[in-house]
Amino acid sequence: MSIHDLSLKQMAQALRSKQFSSHELTEHYLRRIEKLDPKLNSFVTVTADRALAQADAADALIRKGKIGPLTGIPIVQKDIFCTEGVRTACGSRMLESFVSPYDAHVVSRLHTDSGAVMLGKSNMDEFAMGSSNETSWYGPVKNPWDLQRVPGGSSGGSAAAVAAGLAPAATGTDTGGSIRQPAAITNLTGVKPTYGRVSRYGMIAFASSLDQGGVLARSAEDAAIVLQAMSGFDPRDSTSVDREVEDYSGQLNRSIKGMRIGLPREYFSDGLGDAVRESVMNAADELVRQGAELVDVSLPNAPLSVPTYYVVAPAEASSNLARYDGVRYGHRAQGARTLDELYTRSRGEGFGPEVQRRIMVGTYVLSHGYYDAYYLKAQKVRKLIYEDFRKAFQKCDLLLGPTTTEPAFKLGAKTDDPVSMYLNDIYTIAANLAGLPALSLPCGFVDVSADPDDTSKGRAMSAGESLGEGALPVGMQLIGKFFDEARLFGVAHQYQQVMKWHERMPRGFE
Amino acid sequence: MPAAGHGRELFVEKLRWKLEMSLDIDQVRQVARLARLEVRDEDIGHYASQLNQIMDMVDQLSAAETGDALPMAHPLSMVQRLRPDRVTEENQREKFQANSPVVEQGLFQVPKVIE
């Protein structure tokens, strides 16, 4: 067993008992990044010197007996979180030379307050707009399970880095599935908490009523530890909720006996790959064996979540991204003769095609004469989607479904077809629209070797099978009631006590 | 100015959009203008086609029975928090302006606005 196979709890224990120092632990990961990341492109910035300095500071604290669950533990920050003195580029050419003058709340919570070590900043889709990490100005990220495939997005760099053992855990953000979808297709546990649970201060805005920070990690237990440290009230974010954070780690061992798990009919209808369906149903059977009860529920408006999202999110994005003007910070076009030319050219050069598409969609749906037909209508459907969840939760304690329709697709397969790219998030978007917490965890592997180009023909693998070429991970999603993160972690942890999919590592990265 | 051949192609393409698409080329140009995005002529057609695909997908909403549903702007039914009206942040002008492409004497520089 190598250092990078340890859980966060085991790492903290080893640091406490001086089996290794944080300096040694950090060097171990920096070496792996140097050696293995050229295959993946999961880091846009490696902050080696800062990491070792933070590790030394952590070691000093540990010597004094001052050790918390994250003291001296290395993590990677998605490059959407502002980090003082370190470039924060958000996957965009627009911010290629932006060095943040302050730390995001999440960054100060994890590093300043909890003593975690920052290994660097992870690659991502430009301004978090994408589901494959292919919209990044800094190049696509590869999926460690198959280097010809995407790691998902927009937190694709965070997902690839953790899945390949280049960092024990990573932060992510999720506006429509950007934590859960990459987690599902790289064999990780990813959690998007309730809207308002994690401060958005210093988290570069995409769609402010949907954006929420969260974690990608190797297990529910690890994710619970990191989310615990990130969560809590922050007066600098007007939507931060002033409410006590539950003890996530303390509730992991709660039995799931008698828990009512709702299976939304619409999440298992046409469009879901057979092998993914089989994997999720096998997982549901395991939860039943542990004493849970399955309940049939319906979210009749769930199929409208993608069109609703593609009005609401671009509308908010077009407004949020109006701040990039080439004047105060960010990319500035050369040789503009008028102020207007400076704006249009700086934005035309600084934003990539996907960001420009979404700004244009947002501008269109908010424009005079279309506002009622699109934006107001979408807000009404959003309410219906929210009401569907409210009714479903009268019959059950949490919901279970697939995270994605298929395992990872190949690089380039969907780059020129935005709508088919958007449909990646068909099962994840509704939780953002409603503001509910949701978690994706590994639930099996699909063997696609029979037809690598058509993953829908893949075969669900059994737990004992060895993972040959063409074995790709898939995930299942738990959606909870408002602020019920502890329950999601608990169910995921209980499942992971029996089913060990999450311990599998991709070949070449062991 | 586009070459004559290119201009004709653009005209034909424009006509085609007007007939088939919910968003024609002129509208896409107008939207790009409103959003302060410089889009090259050769890219307009491609954007138009993709925006139409997206809007076709979005049009599913028109069939939804929303009845008297109240528009939902936000997941949390919360009241805007207020804070005391006190100065809490120190002036960090130089630090913040360090990210600006062109600053002179503490001022952001832009092309001349008034002749």
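The values are calculated or read from the model by the stated rules, or taken from the named source; none is laboratory data. Since this is a predicted model, take the numbers as computed values, not measurements. Note that we place each Cβ from the backbone using ideal geometry, even for glycine, and neighbour counts take in every protein chain shown.
Data table
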{"read-out": "Check on A:G330, buried (at least 22 other Cβ atoms within 10 Å of the Cβ) and assigned to a loop (DSSP other than H, G, I, E, B)", "value": "yes"}
{"read-out": "Qualifying positions in segment A:468-488 - farther than 25 Å from A:L272 by Cβ and among the hydrophobic types (A, V, I, L, M, F, W, C)", "value": "A:F482, A:F483, A:A486"}
{"read-out": "Hey, B:V58 facing another protein chain (nearest Cβ under 7 Å), in a helix (DSSP H, G or I) and touching a helix residue (DSSP H, G or I) at 6+ places or on another chain (Cβ under 6 Å) or not", "value": "yes"}
{"read-out": "Residue in segment A:254-277 that is in contact (Cβ under 8 Å) with a residue 40 or more places away in the chain, out of contact with any Ser or Thr (no Cβ under 8 Å at 6 or more places or on another chain), over 30 Å from B:G106 (Cβ atoms) and within 14 Å of another protein chain (Cβ to nearest Cβ) present", "value": "no"}
{"read-out": "Selection from segment A:184-197 of residues that are over 17 Å from B:H74 (Cβ atoms) and not in a loop (DSSP other than H, G, I, E, B)", "value": "A:A184, A:I185, A:T189, A:G190, A:V191"}
{"read-out": "Answer residue from segment A:306-315, given it is at the interface with chain B (Cβ under 10 Å from one of its Cβ atoms) and in contact with a Gly (Cβ under 7 Å, 6 or more places away or on another chain) and is nearest to A:T405 (Cα to Cα) among those", "value": "A:Y309"}
{"read-out": "Of the criteria (1) surrounded by fewer than 24 Cβ atoms within 10 Å (Cβ to Cβ); (2) touching a Ser or Thr at 6+ places or on another chain (Cβ under 7 Å), which one A:D146 fails", "value": "(2)"}
{"read-out": "The listed residue being part of a helix (DSSP H, G or I) and more than 7 Å from every other protein chain (Cβ to nearest Cβ), out of B:E94, B:E90, B:E65", "value": "B:E94"}
{"read-out": "Segment B:64-86, residues that are within 14 Å of A:K377 (Cα to Cα) and at pLDDT 90 or above", "value": "B:A64, B:E65, B:T66, B:G67, B:D68, B:A69, B:L70, B:P71, B:M72"}
{"read-out": "Residue in segment A:369-381 that is over 20 Å from A:W137 (Cβ atoms), touching a strand residue (DSSP E or B) at 6+ places or on another chain (Cβ under 7 Å) and surrounded by fewer than 19 Cβ atoms within 10 Å (Cβ to Cβ) present", "value": "no"}
{"read-out": "Matching option when the condition is more than 21 Å from A:T194 (Cα to Cα) and at pLDDT 95 or above, among A:T404, A:T415, A:T363", "value": "A:T363"}
{"read-out": "Looking only at segment A:368-395, and only at residues there that are within 11 Å of another protein chain (Cβ to nearest Cβ) and aliphatic (A, V, I, L, M), the one that is nearest to B:L23 (Cα to Cα)", "value": "A:A373"}
{"read-out": "Any hit, segment A:318-325, residues being assigned to a loop (DSSP other than H, G, I, E, B), facing another protein chain (nearest Cβ under 9 Å) and not small (G, A, S)", "value": "yes"}
{"read-out": "Filter pass, B:R29 being within 11 Å of chain A (Cβ to nearest Cβ), in contact with an Asp or Glu (Cβ under 8 Å, 6 or more places away or on another chain) and modelled with pLDDT of 95 or more", "value": "no"}
{"read-out": "Options A:E278, A:E221; residue that is among the charged types (D, E, K, R), over 30 Å from A:G115 (Cα atoms) and assigned to a helix (DSSP H, G or I)", "value": "A:E278"}
{"read-out": "Per-region count, segment A:256-271, residues at pLDDT 95 or above and part of a loop (DSSP other than H, G, I, E, B)", "value": "4"}
{"read-out": "Hits in segment A:416-439 - residues which are within 12 Å of another protein chain (Cβ to nearest Cβ), more than 16 Å from A:R358 (Cα to Cα) and assigned to a loop (DSSP other than H, G, I, E, B)", "value": "A:I426, A:G435, A:L436, A:P437"}
{"read-out": "Only one of A:R236, A:R200, A:R218 that is touching a residue at least 24 places away in the same chain (Cβ under 8 Å) and over 15 Å from the mean Cα position of the chain (by Cα)", "value": "A:R236"}
{"read-out": "Scope segment B:82-115; condition surrounded by 11 or more Cβ atoms within 10 Å (Cβ to Cβ) and either touching a strand residue (DSSP E or B) at 6+ places or on another chain (Cβ under 6 Å) or not polar (S, T, N, Q) (or both); matching residues", "value": "B:K95, B:F96, B:Q97, B:A98, B:S100, B:P101, B:V102, B:V103, B:F108, B:V110, B:P111"}
{"read-out": "Qualifying residue in segment A:342-353 (condition: within 8 Å of chain B (Cβ to nearest Cβ), over 18 Å from A:V419 (Cα atoms), outside any helix (DSSP H, G or I) and not aromatic (F, W, Y))", "value": "no"}
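Matching residues to (1) assigned to a loop (DSSP other than H, G, I, E, B); (2) crowded, with 24+ Cβ neighbours inside 10 Å; (3) acidic (D, E):
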residue: A:P151; (1), (2), (3): yes, yes, no
residue: A:S158; (1), (2), (3): no, yes, no
residue: A:A161; (1), (2), (3): no, yes, no
residue: A:S178; (1), (2), (3): yes, yes, no
residue: A:P182; (1), (2), (3): no, yes, no
residue: A:S199; (1), (2), (3): yes, yes, no
residue: A:G214; (1), (2), (3): no, yes, no
residue: A:G232; (1), (2), (3): yes, no, no
residue: A:V241; (1), (2), (3): yes, no, no
